[in-house]
Amino acid sequence: MMTELSLNVLDVVQNSIRANADLIQIRVEINSELDRLIITISDNGCGMNSDQIAKVEDPFYTTRTTRSVGLGVPFFRYAALVTGGDFCIDSKPGIGTVVTAVFVLSHIDRMPLGDMTSTIHTLITLNTTIDFLYFYQVDEKSFTLDTREFREILEGVPFDIPEVSSYIKEYLKENQLEVDAGRIF
């Protein structure tokens, strides 16, 4: 079992990368009034049919040859459902996949969100040919990081160069701190 939701995000995004996605969208939406934390990961990868979706939710199924089980999606699903939330995978072959996990924010069994800044930073700097659109919202405040905009501004300078990598990490950290307004989720 993962110890924080950001690790579940990392795991699901790795599936998107293996599905040859070149645009991955990650949305984290926290709504205190509705008592909900919603994490949505969507990609334009190869997609799955209904049989493949059923297999992905099975902890004893994996397409990887390095191990015989694939626990990432089942753990993410369980983490949402145990809070009284919901979990859904919508996918179409040749179009892509959307994974949505809904958590009851105040539920005692909800794992902490964890270090989304490091998760997103790691994904961007280690997968420099993939575009990421990250949206983070707490109640009425939000911010977005779109690597396509960064690419345009940087005119081809790679994200894994130390100065650029540091800037991306600081951008994520500062914006999340402002949106969180001192709260830890």
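Coordinate-derived values only; no laboratory data. No experiment lies behind these values; they were computed from the predicted model shown. Note that we place each Cβ from the backbone using ideal geometry, even for glycine, and neighbour counts take in every protein chain shown.
Some observations on this one:
- Cβ pairs under 9 Å, 6+ apart, first in the stretch 91-104 and in contact (Cβ under 8 Å) with a residue 24 or more places away in the chain, second acidic (Asp, Glu) and part of a loop (DSSP other than H, G, I, E, B): Val104/Asp35
- Of residues in the stretch 1-21 being outside any helix (DSSP H, G or I) and in contact with a Phe, Trp or Tyr (Cβ under 8 Å, 6 or more places away or on another chain), the one surrounded by the most Cβ atoms within 10 Å (Cβ to Cβ): Met2
- Checking the stated criteria, Phe150 turns out to be among the aromatic types (Phe, Trp, Tyr) and not in a loop (DSSP other than H, G, I, E, B).
- Within the stretch 164-183, none of the residues are in contact with a Gly (Cβ under 9 Å, 6 or more places away or on another chain), closer than 20 Å to Leu10 by Cα and not polar (S, T, N, Q).
- If the condition is being surrounded by 16 or more Cβ atoms within 10 Å (Cβ to Cβ), closer than 22 Å to Ser6 by Cα and not polar (S, T, N, Q), then the stretch 144-170 contributes Leu145, Phe159, Ile168, Lys169.
- Whichever residue in the stretch 35-56 is over 17 Å from the mean Cα position of the chain (by Cα) and touching a residue at least 24 places away in the same chain (Cβ under 8 Å) and, among such residues, is farthest from Val73 (Cα to Cα): Asp35
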